[in-house]
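A.B. asks: My questions will all concern the structure given below.
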Amino acid sequence: MKVTVKLFASLRKDRFAVDDFDYQEGVTVGHILASLNISEEEAAIIFINARHGGPDSPLKEGDLLAIFPPVGGG
Amino acid sequence: MESLKEYLLDRAENGLIPLSIQTWAVQNFGLTFSAVEEAILSLNLLPARYQRNQRSLSCRQQLSLFRGKVAVIGCGGLGGYIVEELARLGVGHITVVDHDTFEEHNLNRQLFSKVDNLGQPKVAVAAGRVKEINPAVTIEAVQNAFTGSNGRGLIEKVDVVADALDSIPRRLELAEVCEKCDIPLVHGSVGGWYGQVATQFPGEYTLQKIYSRCSGEGGIEKDLGNLSFVVPIIASIEVAEIVKILLGEGSTLRGKMLSLNLLDMEFTEITF
């Protein structure tokens with residue numbers, strides 16, 4: 001099934017801004033993070049179709065997954 | 001001798017009171033700059049320094065800003081610009097909290113840092129700067145770290161709190177204290193080419209959502225550092241949010257987070 005993954009800020013470095021991927025049914029955000037070599041710590045904010053999610057969130061055909069890293073400087 | 005009110009009304013030029021008149025009133029009526037400023041604004045006159053605010057902020061709104069109380073927690077990159085902009089706007093009471101002193105690596109972005117003041121407390125330098133810019137502003141400089149235990153005493157009397165901290169756990173403590181004190185919090189943070197702003201009202205727990213999965217002290221800034229042009233943009237958006245909260249006007253980032261990517265020039269808003 002097709003899932004669109006959108007990466008924000010520094011997560012794009014050596015990866016991509018937005019891309020479509022084919023995943024097996026039942027894939028979770030955690031599986032996708034692992035496949036992209038993004039640690040759960042680096043994926044501070046996870047949104048699925050504009051809804052707040054987490055590593056355990058399941059995905060379905062056509063979903064848009066957005067991932068933001070933690071930004072903490074002042 | 002004429003009253004302060006008569007003195008001011010007699011000398012207003014097109015509704016404006018020049019700095020020289022305000023200063024004379026301070027010296028000759030035995031009042032503070034702040035008291036004379038309140039008298040001017042209460043007469044629907046405007047200190048001339050705010051002349052360029054006039055078409056965007058009415059006298060009534062300028063008086064609301066003057067009566068506003070803001071706590072700026074952290075006086076590094078974000079905090080310096082926030083304090084500067086609030087003072088120039090004429091926000092009447094600013095509390096600035098930071099335990100730190102200026103160091104050489106602050107010079108790349110921190111507005112109040114100078115070669116000459118390395119080693120000096122950031123909040124003391126900030127207070128001196130505010131007095132130079134706008135003597136009508138009351139600034140309280142607290143050279144102490146904000147914590148969950150001293151936080152309530154530092155912010156309980158203010159209308160809005162600005163997050164200008166550089167630590168995620170401290171931010172979460174700040175959000176918790178704001179929640180307990182029923183005070184809105186304007187969050188900002190920066191790292192590399194990136195930054196974010198959010199506005200949280202009591203009961204919304206936006207910061208807890210932003211950082212719920214962060215266990216470390218910092219974020220991407222630990223690797224990427226902080227750049228001079230990112231800091232004032234985020235600080236300025238925080239100030240815009242603060243002004244709207246003080247005035248009760250406009251639309252804020254309440255319940256949302258605005259993420260700025262200045263490398264790709266993408267601004268993204270997400271709603272929690």
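The values are calculated or read from the model by the stated rules, or taken from the named source; none is laboratory data. Everything numeric in this text was worked out from a predicted model, so none of it was measured. All Cβ positions, even for glycine, are placed from backbone atoms using ideal geometry, and neighbour counts span all protein chains on display. With ligands, DNA and RNA removed, areas are computed over all heavy atoms of the protein, side chains included. Shrake-Rupley method; radii C 1.70, N 1.55, O 1.52, S 1.80 Å.
A.B. asks: Just checking: which of the strands (runs of 3 or more DSSP E) contained wholly in the range A:27-74 hold 1 or more residues that are more than 8 Å from chain B (Cβ to nearest Cβ) and of a type in the set (A, V, I, L, M, F, W, C)?
C.D. replies: A:45-48, A:64-68
A.B. asks: Now a separate question. Tell me, which residue of the range A:1-17 that is at the interface with chain B (Cβ under 9 Å from one of its Cβ atoms) and free of Cβ contacts under 8 Å to residues at least 12 places away in the same chain is surrounded by the most Cβ atoms within 10 Å (Cβ to Cβ)?
C.D. replies: That would be A:R12.
A.B. asks: Among B:G74, B:G80, B:G92, which is touching a helix residue (DSSP H, G or I) at 6+ places or on another chain (Cβ under 6 Å), of a type outside the set (D, E) and touching a residue at least 12 places away in the same chain (Cβ under 8 Å)?
C.D. replies: Exactly one of B:G74, B:G80, B:G92 is touching a helix residue (DSSP H, G or I) at 6+ places or on another chain (Cβ under 6 Å), of a type outside the set (D, E) and touching a residue at least 12 places away in the same chain (Cβ under 8 Å), namely B:G92.
A.B. asks: Could you say whether any residue in the range B:91-103 is outside any helix (DSSP H, G or I) and touching a Phe, Trp or Tyr at 6+ places or on another chain (Cβ under 7 Å)?
C.D. replies: yes
A.B. asks: Report the residue count in the range B:219-239 for those that are over 16 Å from B:L262 (Cβ atoms), touching a helix residue (DSSP H, G or I) at 6+ places or on another chain (Cβ under 9 Å) and either open to solvent by 20 Å² or more (accessible area, probe 1.4 Å) or of a type in the set (K, R) (or both).
C.D. replies: So the count comes out to 1.
A.B. asks: Can you name the helices (runs of 4 or more DSSP H) wholly within the range B:151-243 that have at least 2 residues being within 11 Å of chain A (Cβ to nearest Cβ)?
C.D. replies: It comes to B:168-181, B:206-210, B:221-224.
A.B. asks: Take the range B:244-272 and flag every residue that is in contact with a strand residue (DSSP E or B) (Cβ under 7 Å, 6 or more places away or on another chain), within 14 Å of chain A (Cβ to nearest Cβ) and in a strand (DSSP E or B).
C.D. replies: Within the range B:244-272, B:K256, B:M257, B:L258, B:S259, B:L260, B:N261, B:F267, B:T268, B:E269, B:I270, B:T271 qualify.
A.B. asks: Scan the helices (runs of 4 or more DSSP H) fully inside the range B:1-46 and keep the ones with 1 or more residues being within 22 Å of B:E132 (Cα to Cα).
C.D. replies: B:19-29, B:33-42
A.B. asks: Quick check on my filter: what residues within the range B:13-34 are closer than 21 Å to B:I139 by Cα and open to solvent by 40 Å² or more (accessible area, probe 1.4 Å)?
C.D. replies: B:L19, B:T23, B:Q27, B:G30, B:L31, B:T32
A.B. asks: Yes or no: B:V160 over 21 Å from A:P69 (Cβ atoms), open to solvent by less than 10 Å² (accessible area, probe 1.4 Å) and within 15 Å of the chain's Cα centre (by Cα)?
C.D. replies: Taking the combined requirement at face value, the residue satisfies it.
A.B. asks: Condition first: modelled with pLDDT under 95 and acidic (D, E). Can you find one or more residues in the range B:234-241 that meet it?
C.D. replies: For the range B:234-241, residues modelled with pLDDT under 95 and acidic (D, E): absent.
A.B. asks: What number of residues within the range B:143-196 satisfy the criterion of being over 24 Å from B:V91 (Cα atoms) and among the aliphatic types (A, V, I, L, M)?
C.D. replies: Total satisfying the criteria: 3.
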